[in-house]
Amino acid sequence: MSNFEPIVASIVQLNMKNLLFIFSFLILACESQPNVDSDDFKSNIIHDLMEDIKGPICPKNHKDSIVPIVYGYPSEELFAKSDSGLVVLGGCELGEENYFCKIHKISF
Ligand SMILES: [Zn+2]
């Protein structure tokens, strides 16, 4: 039975190497992310929460005629909604803005 031990050991080593590879890959992936200022991050979360509670508010301070901006390739349903002015299509590139004010023609 002791003949198997080296094989087992090498399998464990191989797995450890794989794990190390995966870990270093993950670390590299994390480090390549842009640094997020934690305060900025927090205030963004609070801002989003407020929007969820109160609904979107135009920078010019009104809540009517505001539609969500939808990113990504739109479905037929979304095309229809966009035609009737219920949403604005933001294109495939994900943008910073989540809403569009139809009165002031601005996204925010
Ligand atoms: Zn507005």
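The values are calculated or read from the model by the stated rules, or taken from the named source; none is laboratory data. Worth saying up front: this structure is predicted, and the values here are computed from it rather than measured. Cβ coordinates were reconstructed from backbone atoms using ideal geometry, including for glycine residues, and neighbour counts include every protein chain displayed.
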Review point. Which one of the conditions (1) surrounded by 10 or more Cβ atoms within 10 Å (Cβ to Cβ); (2) of a type in the set (A, V, I, L, M, F, W, C); (3) modelled with pLDDT under 85 does ALA29 fail to meet, given that it meets all the rest?
Key: (1)
Review point. How many residues, within segment 79-108, are within 16 Å of the ligand (Cβ to nearest atom), part of a loop (DSSP other than H, G, I, E, B) and not small (Gly, Ala, Ser)?
Key: 7
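Report, by residue number, each residue of segment 59-78 that is within 25 Å of ILE45 (Cα to Cα) and either in a helix (DSSP H, G or I) or without any contact (Cβ under 8 Å) to a residue 40 or more places away in the chain (or both).
The initial filter retains those residues of segment 59-78 that are within 25 Å of ILE45 (Cα to Cα), namely 59-72.
Across segment 59-78, the qualifying residues are ASN61, LYS63, ASP64, SER65, ILE66, VAL67, PRO68, ILE69, VAL70, TYR71, GLY72.
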Review point. Can you name the residue in segment 32-58 that is within 16 Å of the ligand (Cβ to nearest atom) and surrounded by 10 or more Cβ atoms within 10 Å (Cβ to Cβ) and, of all such residues, is modelled with the lowest pLDDT?
Key: GLU51
